[in-house]
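Participant: To start, I am sharing the structure in question, which I have written as C-alpha cells.
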Amino acid sequence: MSAAAALGGGSPCLGAAAAASCSSAGSSYAAAAGGGAGVAGRLPARVLEHIFCYLELSDLMRCSLVCWHWNNILADENSEVWRSLCNRSLSDEALRSDVLCNLPTYKGKLKSYQHALSSHDCSRNVYVKKNGFTLHRNPIAQSTDGARGKIGFTEGRHAWEIWWEGPLGTVAVIGIATKRAAMQCQGYVALLGSDDQSWGWNLVDNNLLHNGEVNGNFPQCNNAPKYQIGERIRVILDMDDKTLAFERGFEFLGVAFRGLPKVCLFPAVSAVYGNTEVTMVYLGKPLDG
C-alpha cells in the first residue's frame, strides 16, 4: 500500500479501491499479530506508541486495522506517533510557517502533504518549493503554466485552500482538472477551463471557465470584490452531488459548477506571472453549515 492510501489517498485517484486495499492489508497484519490477542495485542499503550513512532505511514495504517486496541492508540491525531512522523515527513519550513495554520492535528498536516500540488504532474516552467506546498512559476515569456494535485477524487466531499503569494498577472485560475487536461500552453490564457477536461475560476476578472467558454461571472453579485494577494480561497468539491463551490473568508460564495462528470478530478491551478507563487493546502472533508 502506498503512503497516500494510508491517509485516504491510495492511487492517484481516491476511491473505493483504496478502502479495499486497506482491508486486505489489515487482515494480513491481524493474522500476524494473532488477531490482536497475542503478546503484541496486550502490550501497554505507551509501549505500542513508542514502537509505532518508528513506523512509516503505510505501516501505521495497517496497524490501525489489526485490533481495537491498536486502532484506539492511533486514533489520536495529535499523538506522539503522528508528531514523530510529521516531523520526519514535512520540511521545517512548512511546520514553522503559517501554511498549515488551519490544520490543528499532525495527522491532518500529513494528509495535506500527501494531497499537495505535484512536482511531477505540472508544467516544466514551474516547481514545488522545499516546503512541499507552494508552487513557483519561473519567468518564462508567452507561456501559461499549471499543476495538478498529487491525488484526484471520484467520490466524497473534499476541501482545500489556495492562495496567491505574488502578482496575479492577466490570468490566475483555480479549479479542477482531469488527468487529460493540459498543464502548459503558449501565450497568456486561462488554461484551466480552456477545454472540456477542466473547470476554473479566473480570479482576475471573476469569470467561470469551461470548455473554452465563459460560464458567467462569479460570485453572482453586483460589484463582486476582486481577489487580494494572500487571501485564502476555499475550494469545495462534492463528487456525490457533482458540484464545485468556493468560499472566501469563511463566506460561502455559492456553487460555481454543477453536473461534473463521474471521473477522477484533481485540484489544479494555472498562472502566467513570472516568479509568482501559489500555495495549496488540502483540508479534508468540508464542514457543513
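The values are calculated or read from the model by the stated rules, or taken from the named source; none is laboratory data. From a predicted model like this one, the values you see are computed outputs, not experimental measurements. Neighbour counts run over all protein chains shown; Cβ positions are idealised from the backbone, glycine included. Note: accessible area is taken over every heavy atom of the protein model, side chains too, but ligands, DNA and RNA are not part of it. Shrake-Rupley method; radii C 1.70, N 1.55, O 1.52, S 1.80 Å.
Participant: Go through (1) closer than 22 Å to G284 by Cβ; (2) out of contact with any strand residue (DSSP E or B) (no Cβ under 6 Å at 6 or more places or on another chain); (3) assigned to a helix (DSSP H, G or I) one by one and return the number of the condition P104 breaks.
Facilitator: Among (1) closer than 22 Å to G284 by Cβ; (2) out of contact with any strand residue (DSSP E or B) (no Cβ under 6 Å at 6 or more places or on another chain); (3) assigned to a helix (DSSP H, G or I), the lone unmet condition for P104 is (3).
Residue-by-condition table, conditions (1) open to solvent by 70 Å² or more (accessible area, probe 1.4 Å); (2) assigned by the TED database to the domain that holds S194; (3) closer than 21 Å to W163 by Cα:
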{"site": "I51", "(1), (2), (3)": "yes, no, no"}
{"site": "D59", "(1), (2), (3)": "no, no, no"}
{"site": "I73", "(1), (2), (3)": "no, no, no"}
{"site": "G108", "(1), (2), (3)": "no, no, yes"}
{"site": "K129", "(1), (2), (3)": "no, yes, yes"}
{"site": "T144", "(1), (2), (3)": "no, yes, yes"}
{"site": "A147", "(1), (2), (3)": "no, yes, yes"}
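Participant: Further question: Return the pairs, sorted by first residue and then second, in which the second residue is open to solvent by 10 Å² or more (accessible area, probe 1.4 Å), the first residue lies in region 268-289 and is of a type in the set (K, R), the beta carbons are less than 6 Å apart, and the residues are 6+ apart or on different chains.
Facilitator: Note: pairs meeting the criteria are K285/R157.
Participant: Which of the residues that make up region 220-265 are open to solvent by 40 Å² or more (accessible area, probe 1.4 Å) and in a strand (DSSP E or B)?
Facilitator: R234, E251, F252, V255, R258
Participant: How many residues, within region 193-219, are over 12 Å from A256 (Cβ atoms) and either within 18 Å of the chain's Cα centre (by Cα) or in a strand (DSSP E or B) (or both)?
Facilitator: 3
Participant: Are any residues in region 66-81 in contact with a Ser or Thr (Cβ under 7 Å, 6 or more places away or on another chain) and either closer than 12 Å to R42 by Cα or not hydrophobic (A, V, I, L, M, F, W, C) (or both), and if so, which ones?
Facilitator: W70, N71, E77, N78
Participant: Do we find that N217 is assigned by the TED database to the domain that holds I162 and at pLDDT below 95 in this structure?
Facilitator: Yes, satisfied.
Participant: Considering only region 193-219, how many residues are of a type in the set (S, T, N, Q) and open to solvent by less than 40 Å² (accessible area, probe 1.4 Å)?
Facilitator: 5
Participant: Additional query: Considering only region 233-248, I want to know if a residue exists there that is farther than 17 Å from D121 by Cα, modelled with pLDDT under 95 and among the hydrophobic types (A, V, I, L, M, F, W, C).
Facilitator: No, that holds for no residue.
Participant: Got a number for residues in region 75-101 being open to solvent by 40 Å² or more (accessible area, probe 1.4 Å), within 21 Å of G132 (Cα to Cα) and either in contact with a strand residue (DSSP E or B) (Cβ under 7 Å, 6 or more places away or on another chain) or of a type in the set (A, V, I, L, M, F, W, C) (or both)?
Facilitator: Qualifying residue count, region 75-101: 2.
Participant: Also: How do the pairs read when you match residues in region 244-257 that are touching a residue at least 40 places away in the same chain (Cβ under 8 Å) and not assigned by the TED database to the domain that holds A224 with residues anywhere that are part of a strand (DSSP E or B) and not polar (S, T, N, Q), using Cβ under 8 Å and keeping only pairs 6 or more apart or on different chains?
Facilitator: none
Participant: When you go through H158, H120 one by one, which is the residue that is touching a Lys or Arg at 6+ places or on another chain (Cβ under 9 Å) and in contact (Cβ under 8 Å) with a residue 12 or more places away in the chain?
Facilitator: H158
Participant: So in region 170-192, with the set limited to residues that are surrounded by fewer than 17 Cβ atoms within 10 Å (Cβ to Cβ) and within 20 Å of the chain's Cα centre (by Cα), which one is farthest from H158 (Cα to Cα)?
Facilitator: A182
Participant: Quickly run through region 114-127 and pick out the residues that are open to solvent by 40 Å² or more (accessible area, probe 1.4 Å) and over 18 Å from E165 (Cβ atoms). Working first, answer last.
Facilitator: Just the residues of region 114-127 that are open to solvent by 40 Å² or more (accessible area, probe 1.4 Å), to begin with: 119-120, 124, 127.
Those that are open to solvent by 40 Å² or more (accessible area, probe 1.4 Å) and over 18 Å from E165 (Cβ atoms): H120, R124.
Participant: Quick check on region 158-175. Is at least one of its residues of a type in the set (S, T, N, Q) and in a strand (DSSP E or B)?
Facilitator: no
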